[in-house]
Structures are given as C-alpha cells and as structure tokens.
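Scroll down for the structure; my scribbles are underneath it.
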2 protein chains.
Amino acid sequence: MDVWREFEHNEITHSGAHYLMTVQQLIEEQGYARVSDVAREMHITPGSASIMIKSLREKGYLEEDRNRFLLLSDEGNRLAQSVWSHRQILIAFLKGVLHIDAEQAEIDACKIEHLISTKTGERLLLFLQFLLSDDPHGKAFLKSYWDANVLAICDFETCAVCEEVGECLVIRSESA
Amino acid sequence: MDVWREFEHNEITHSGAHYLMTVQQLIEEQGYARVSDVAREMHITPGSASIMIKSLREKGYLEEDRNRFLLLSDEGNRLAQSVWSHRQILIAFLKGVLHIDAEQAEIDACKIEHLISTKTGERLLLFLQFLLSDDPHGKAFLKSYWDANVLAICDFETCAVCEEVGECLVIRSESA
DNA sequence: AAGCCATATTTGATAAGCCAAACTTTTTAT
DNA sequence: ATAAAAAGTTTGGCTTATCAAATATGGCTT
C-alpha cells in the first residue's frame, strides 16, 4: 500500500548515485579520485562533497586509503555500474526507438536512471537487443512504426543513432 | 551542462504531484476534497497536508472556496492530468510490453511518472498505440520478441493484460 | 624552520517535506 | 446557547543536500 511513498525506500538517492558514478569515472579516466576532484567534476563545493562522501563512506559504498584517495567498495561499484547501465539503456531506448532528441533523452534518462528496478532495466535491455537483432520482425516493426508516425526513418545500414545504440547495447550486455 | 542537476528544475515534485492527483481523484469520486480528506487518503498527518496545500496554493495550482473545499486551477488540473497520464502509459509499457509484474510496474511508474518530459510521454503513447494497432508488424514483433526471451506469450484475443493495456490507451488518447 | 598553497573539514544557513503535539476555528448536536 | 467533535493551522524537531565562509591539516619551497 501507499505506492507513492515507495520512493523513500530507494537504494540510493539521485545525488548519491552521481557521486558514486563520478568516483568510478575519475578512477577510470585519471587513475584516482579525491574529494576535491569529485567536487570539481560535479561543480559542487568541496564542503558539500566532503559531507556527502563521509555519508557514503558510513553507508559502506566507498573508502579512503592513507593518502585520501577514494576507492569504491564492491557494493559501491555494483551500484555505480547498475545506475550507469540503466542510463545507457534508457538513452538508447529514448533516442533509438522513440526518437527523442539527444539532449532531452539525456535529461530524462538522468532523472530516472536510479529509480527503475533491476527487473525493468534487464527487460528493457532484452527488448532493445531483440529489436536490433537479426530477427527481421524488429526492424520491420520499427520501420512501419516510424513511417506511421512520421518520425525520421532510419536506414539501418547507415544511421548513426542506430549504430550508436547498437554499440552501446553490445557494451552493456558484456558488462551486465 | 550539469545534466545531473536538472532534477532541481522539475515542474513539480513527486510529493506535489501526488497531492494534486489526490485532490483531482477525490473531487471525481466524492465530489469534494478538503485538507483532511487529502491527508486521510494519502496517509499523512493533517498538519503536513495543511502546509503542503498552502504551498501548492501559493504556486497557483489550487484554491479553496468559502467553505474550504479545494479546487484545482487550470494549471493544477493540467499537471495532475499529465502526471496521471504518464503513469498509465508507463504501466502499460512495463506490464504490456516488458512483462514486468503488476506490483513492480506500479512502483516503477509511480517513481518516474512526474519526471519524464512531455515529449517522451507523447512518443511512448504513440509507440504503444502502434504496437497494439491493426498493423500486423506490431503483433508479429511482440510475439517473436516474447518467444525469443521466454516471456509469457499473449494471445491477443484473450489476454487480459493486452485488453487492459488497449483500453487504457484508448482512454489516454481521448483525453490527451 | 617559516610560510605558503592545496586539500579537507567544520559551522551556520537554507529549502523541502515529513512527524507529533499543541492550539484555534468551525460545525454539529444537545 | 453551550459543549463536544471535527477540521485546520502552527510550532518545533528531523533528514537530505546544497551553499558560503571559517578553520584545520599537510606538504613543498625557500
């Protein structure tokens, strides 16, 4: 009951998810992440970052080594990966199927990436994979759907969005 | 830039959206809505309801008549309608296409209904309508997609979910 | 060793949205 | 007309997440 209050029981907040993803991304890109790196990257003050990172540490999502370099715990890594994964899948669906423009697709995806359930993320991935698979029903359906609704018609051999979506899905299913 | 902070500029909060929808629903069902009716319906204290409703009034989403009965403004009605509409479309997609179970579909939909853009809502509706239209590509695609992923196969003539989704979409497009 | 600079933390403020409990106003019933 | 019940508001407290500004801490340079 009271479905509308389920949002209070989310695994992670919007803000928290972005801290974890930023730490993960910084470590990947430059090999390390400190409080101030995260603050700079996210455009928040070091004070805010310090407080939020302390709270994430207390929740077990990350640690600091003796030199104050941040490290995601297994749980932190899993969460960051899951949210990032959901974002990519959502963007692929919004852009590649619904033909939402890139900017809006990113905004919508970013708002809901941490809110959809694991099941929904999984199923959406399967759905997109099938749509772009060799099975002819997917492409036939998309073509007639776009045609019926006067959305841009994609030539699957040359369309940049389709290619991008396809690549994204390949990456996703490898790390999923 | 800073897509991750776009959530601060949402038209309405999760909480606000549910207050407006509750007022709309109460007026529809019992002809009127007072502060205490809303509180009872949403399972929050009258004090909380009083404060939130004052704030919604200050934002122009609703008014009170001389007898303290609540009335949605045009803007309030539009917003409540839009969020409700998004919820129905999302549930239809999650249940009817991805085969997410009813309970999870409602939770997911409730969390994101107020966050997706108008464009995304519109396009998702078009997508579902086409999928369930007379065009044979939609059903052929769904059938082979479900088959490929060992999801329950629907017989479109007798499947309750499909019927439910179909009915919902008819209602949606009439009031959209 | 002294001082400077980068980095990190703490403090006090704000905003949303909830609660409990106290208080006020209005309605209803005797 | 008065008392009781219902409805509504106010107050003080809590949490999350931000900010600005003040305050540590730690390392490098001269």
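General observations
- Any hit, region A:2-14, residues being among the aromatic types (F, W, Y), more than 8 Å from DNA strand D (Cβ to nearest atom) and within 14 Å of chain B (Cβ to nearest Cβ): yes
- All of B:L56, B:L79 fail the test of being more than 14 Å from every other protein chain (Cβ to nearest Cβ), within 20 Å of B:K111 (Cβ to Cβ) and within 14 Å of DNA strand C (Cβ to nearest atom), apart from B:L79.
- Matching residues in region A:59-76 - criterion: being more than 10 Å from DNA strand D (Cβ to nearest atom) and either within 14 Å of chain B (Cβ to nearest Cβ) or farther than 11 Å from A:Y19 by Cβ (or both): A:G60, A:E63, A:E64, A:D65, A:F69, A:L71, A:S73, A:D74, A:E75
- Residue check for A:L115: within 13 Å of chain B (Cβ to nearest Cβ), outside any helix (DSSP H, G or I) and crowded, with 22+ Cβ neighbours inside 10 Å: yes
- Selection count, region B:57-110, where residues are at positive phi and of a type in the set (K, R): 1
- Residue check for A:R34: away from chain B (no Cβ under 14 Å), near DNA strand D (Cβ under 10 Å from one of its atoms) and without any contact (Cβ under 8 Å) to a residue 60 or more places away in the chain: no
- Given (1) within 8 Å of DNA strand D (Cβ to nearest atom); (2) under 19 Å from the mean Cα position of the chain (by Cα), number of the condition A:S48 does not satisfy: (2)
- Number of the condition not met by B:S133 [criteria: (1) at the interface with chain A (Cβ under 9 Å from one of its Cβ atoms); (2) assigned to a helix (DSSP H, G or I); (3) surrounded by fewer than 21 Cβ atoms within 10 Å (Cβ to Cβ)]: (2)
- Checked against (1) within 16 Å of DNA strand D (Cβ to nearest atom); (2) surrounded by 19 or more Cβ atoms within 10 Å (Cβ to Cβ); (3) more than 10 Å from chain B (Cβ to nearest Cβ), A:A92 passes all but condition (1).
- Set A:N67, A:N77: member being of a type in the set (S, T, N, Q), at pLDDT below 95 and either outside any helix (DSSP H, G or I) or under 30 Å from B:L98 (Cβ atoms) (or both): A:N67
- Checklist (1) touching a residue at least 40 places away in the same chain (Cβ under 8 Å); (2) within 18 Å of the chain's Cα centre (by Cα) applied to B:L62, failing item: (2)
- Here A:T45, A:T22 are screened, and the one residue that is loosely packed, with under 15 Cβ neighbours inside 10 Å, free of Cβ contacts under 8 Å to residues at least 40 places away in the same chain and not aliphatic (A, V, I, L, M) is A:T45.
- Condition check for B:I100: away from DNA strand C (no atom under 13 Å from the Cβ), under 14 Å from the mean Cα position of the chain (by Cα) and not small (G, A, S): no
- Yes/no for B:K139 being at pLDDT below 95 and within 25 Å of A:F7 (Cα to Cα): no
- Test: residue in region A:19-41 that is more than 20 Å from the chain's Cα centre (by Cα), aromatic (F, W, Y), assigned to a helix (DSSP H, G or I) and within 16 Å of DNA strand C (Cβ to nearest atom): no
The values are calculated or read from the model by the stated rules, or taken from the named source; none is laboratory data. The structure presented is a predicted model; accordingly, all values stated were derived computationally and were not measured. Ideal geometry is used to build each Cβ from the backbone, glycine not excepted, and the neighbour counts take in all protein chains shown.
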